[in-house]
Amino acid sequence: MTMDKFIIQGGNRLEGTVAVSSSKNATLPIAVAAAILSDSVSIIYNVPRLQDVNSMCGVLEVLGAKTYLDEATLTIDPGPHDAYEAPYDLVRKMRASIYVLGPLVAKLGKARVSFPGGCAIGPRPVDLHLTGLEKLGANITIEHGYIVAEASKLKGADMSLRGPRGSSVGATGNVMMAATLAEGTTTISDAACEPEIVDLADMLNAMGADIEGGGTPIIKIHGVKELHGTEHIVIPDRIEAGTFMVAAAITRGDVLVKNALPHHLEAVTEKLTEAGVNINWQGEGAHVTVPDKLSAVDVRTSPFPGFPTDMQSQMMGLMSIVEGISVITENIYPDRFIHVSELNRMGANIRVEDSSAIIKGVEKFSSAPVMASDLRAGAVLVLAGLAAEGETVVSRVYHIDRGYEQIECKLASIGADIVRIP
Ligand code: EPU
């Protein structure tokens, strides 16, 4: 963990072409599948170089796999499949470590994974992961802060993975991975439809799994005896793409966001368009141009294909400096508003009521020293800094590095004045 800072001189209009890296949230479970479920080597291409990917490789190494990251190519040798414990020290660094639970119990009949705690964006329960695996026949107990799951052989089952706030991405991925090696057929109804789940299903099928319906609310997994290594190219990161689209909008710029996929970003495109941003989808990606005046729009986050919670803070940054009042309602993580107080320190006028933020547009941000407290909450501070008058210092940049590959270099390449200082 580094204590780097970003120094941003605001006010530059962003212009040019920026390329989006591959998806963090697709890469993480894909690496798990390759390391734990497979009996031979996999090669994953276009892997983003991110702290979270390093953390996941750390977890997989402890579980006996060998991981080699060369530029954007990750080679995973599953190893002997004899370790089944993901310790607290690693899991607490990254909640996505919970993804090893289902695959371990499916492959080894046993898993011991530290219970992930809460995090800066609020409580994040894992009950659906556990009930899903129990439906497959795993016996689950909690001891000394660890989840222990055991099963001599998982058996296919029917289940819904819908929680109080919609379907769970993580539980869908976890159960889907486990069910590939179960006996018989598993049907997940109310499955998460996120593109990262589709990418994981594609990876698993290439490894020899038999999964139908990825990307729809009903996923059917017919169990197979074993899975083998494969080669896979990870999908682009739709949240990074959306973040650059907002970066263009917030600086009233003219930017081609390359490698972005339109069907991953329909809700974001719709809301930005409603605010007055021009988005022209071309073969290469999204060409974003911006008139002088943008207007306030209301946004409600929801599971895919709705407006993503991971774009909520960035949209709030943009709404902070448009004319009018907008209401942003957070339906996935009702407490995900830690960015609000820092944005207000930069001159925004935002008030939180229950799970909604009411944003009264102001003319501009004024620069300030601010602190990133989580990945997306950090991203919006960079965006605000780009639009602010004067010098903004963003500290605790390691939160941003968890999910954005060299964001400062990419932004500088399209005209931002941003540098990293150690
Ligand atoms: N939920 C439950 N029980 C569970 C699991 C989830 O009630 O067992 C609830 C959560 O509390 C939340 C909702 O269901 O209200 C959705 O959570 P989900 O399980 O879908 O989220 P996740 O799998 O933990 C992934 C991303 C998040 C992203 C969410 C929602 C990864 C590694 N993480 O988390 O990404 O916000 O889906 O789209 O894929 C980020 O990248 O910044 C990030 C936080």
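Let's see how each residue does on (1) surrounded by 15 or more Cβ atoms within 10 Å (Cβ to Cβ); (2) under 16 Å from residue 99 (Cβ atoms); (3) out of contact with any Cys (no Cβ under 7 Å at 6 or more places or on another chain):
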{"site": "123", "(1), (2), (3)": "no, no, yes"}
{"site": "126", "(1), (2), (3)": "yes, yes, yes"}
{"site": "142", "(1), (2), (3)": "no, no, yes"}
{"site": "151", "(1), (2), (3)": "yes, no, yes"}
{"site": "159", "(1), (2), (3)": "yes, no, yes"}
{"site": "162", "(1), (2), (3)": "yes, no, yes"}
{"site": "165", "(1), (2), (3)": "yes, no, yes"}
{"site": "170", "(1), (2), (3)": "yes, yes, yes"}
{"site": "174", "(1), (2), (3)": "yes, yes, yes"}
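When residues of segment 182-216 are filtered for being in a loop (DSSP other than H, G, I, E, B), open to solvent by less than 10 Å² (accessible area, probe 1.4 Å) and more than 19 Å from residue 235 (Cβ to Cβ), how many remain?
Qualifying residue count for the region: 1.
Could you tell me how many of the residues in segment 269-284 are out of contact with any strand residue (DSSP E or B) (no Cβ under 7 Å at 6 or more places or on another chain) and within 20 Å of residue 322 (Cβ to Cβ)?
Result for segment 269-284: 2.
For segment 308-343: of the residues being over 19 Å from residue 399 (Cβ atoms) and polar (S, T, N, Q), which is surrounded by the most Cβ atoms within 10 Å (Cβ to Cβ)?
Once the filter is applied, the top-ranked residue is 320.
Which pairs do you get when a residue that is away from the ligand (no atom under 16 Å from the Cβ), found in segment 332-344, comes within reach of a residue that is open to solvent by 40 Å² or more (accessible area, probe 1.4 Å), reach meaning Cβ atoms under 7 angstrom, with the pair 6+ apart or on two chains?
If the second residue must be open to solvent by 40 Å² or more (accessible area, probe 1.4 Å), the pairs left are 340/352; 342/371.
Test residue 246 against the criterion of being open to solvent by less than 10 Å² (accessible area, probe 1.4 Å) and either in contact with a Phe, Trp or Tyr (Cβ under 9 Å, 6 or more places away or on another chain) or not hydrophobic (A, V, I, L, M, F, W, C) (or both), and give yes or no.
Answer is no for this residue.
Does residue 393 meet the test of being surrounded by 17 or more Cβ atoms within 10 Å (Cβ to Cβ) and at pLDDT 95 or above?
no
Identify, please: which residue in segment 278-319 is within 15 Å of the ligand (Cβ to nearest atom) and in a loop (DSSP other than H, G, I, E, B) and is, among those, nearest to residue 20 (Cα to Cα)?
308
Closer than 22 Å to residue 35 by Cβ, in contact with a Pro (Cβ under 8 Å, 6 or more places away or on another chain) and within 16 Å of the ligand (Cβ to nearest atom): does that describe residue 92? It would help to see each step written out before you state the result.
Working: closer than 22 Å to residue 35 by Cβ: yes; in contact with a Pro (Cβ under 8 Å, 6 or more places away or on another chain): yes; within 16 Å of the ligand (Cβ to nearest atom): yes.
Criteria met by residue 92.
Within segment 109-121, which residues are closer than 18 Å to residue 58 by Cβ and open to solvent by less than 30 Å² (accessible area, probe 1.4 Å)?
111, 113, 114, 116
Here is a check on your reading of the model: is residue 232 over 27 Å from residue 360 (Cα atoms) and either within 14 Å of the ligand (Cβ to nearest atom) or open to solvent by 30 Å² or more (accessible area, probe 1.4 Å) (or both)?
Considered against the rule, which asks whether it is over 27 Å from residue 360 (Cα atoms) and either within 14 Å of the ligand (Cβ to nearest atom) or open to solvent by 30 Å² or more (accessible area, probe 1.4 Å) (or both), residue 232 comes out as no.
Does residue 320 satisfy the criteria of being more than 28 Å from residue 11 (Cα to Cα) and touching a residue at least 60 places away in the same chain (Cβ under 8 Å)? Break it down stepwise before answering.
On the way: more than 28 Å from residue 11 (Cα to Cα): no; touching a residue at least 60 places away in the same chain (Cβ under 8 Å): yes.
Judged against the criteria, residue 320 is not a match.
Would you check if there is a residue in segment 263-277 being farther than 20 Å from residue 414 by Cβ, surrounded by fewer than 19 Cβ atoms within 10 Å (Cβ to Cβ) and among the small types (Gly, Ala, Ser)?
Yes, the conditions are met somewhere in segment 263-277.
In this structure, does residue 91 turn out to be at pLDDT 95 or above and open to solvent by less than 40 Å² (accessible area, probe 1.4 Å)?
Against the criterion (at pLDDT 95 or above and open to solvent by less than 40 Å² (accessible area, probe 1.4 Å)), residue 91 does not qualify.
Looking at 64, 16, can you tell me which residue is part of a loop (DSSP other than H, G, I, E, B), over 23 Å from the mean Cα position of the chain (by Cα) and of a type outside the set (S, T, N, Q)?
64
Just give me the residues in segment 116-151 being outside any helix (DSSP H, G or I), of a type in the set (A, V, I, L, M, F, W, C) and within 12 Å of the ligand (Cβ to nearest atom), in sequence order.
Selection gives 119, 120, 121, 126, 147.
Quick one: what pairs do we get from segment 130-146, first residue within 20 Å of residue 85 (Cβ to Cβ), second among the aliphatic types (A, V, I, L, M) and in a loop (DSSP other than H, G, I, E, B), C-beta under 6 Å, 6+ apart or different chains?
Taking only residues 6 or more apart or on different chains, the pairs are 138/151.
For segment 152-183, enumerate the residues that are among the basic types (Lys, Arg) and either within 12 Å of the ligand (Cβ to nearest atom) or under 25 Å from residue 27 (Cα atoms) (or both).
162, 165
From the list 106, 34, 65, which one is of a type in the set (A, V, I, L, M, F, W, C), crowded, with 17+ Cβ neighbours inside 10 Å, free of Cβ contacts under 8 Å to residues at least 40 places away in the same chain and away from the ligand (no atom under 15 Å from the Cβ)?
65
For segment 37-62, which positions are within 16 Å of residue 80 (Cα to Cα) and either open to solvent by 50 Å² or more (accessible area, probe 1.4 Å) or away from the ligand (no atom under 16 Å from the Cβ) (or both)?
Hits for segment 37-62 are 37, 38, 39, 40, 41, 42, 61, 62.
The values are calculated or read from the model by the stated rules, or taken from the named source; none is laboratory data. Since the model is a prediction, treat every value here as computed from it, not as a measurement. Please note: Cβ atoms are built from the backbone with ideal geometry, for glycine as well, and neighbour counts cover all protein chains shown. In case anyone asks, the SASA skips ligands and DNA or RNA and just uses the protein heavy atoms, side chains included. Shrake-Rupley method; radii C 1.70, N 1.55, O 1.52, S 1.80 Å.
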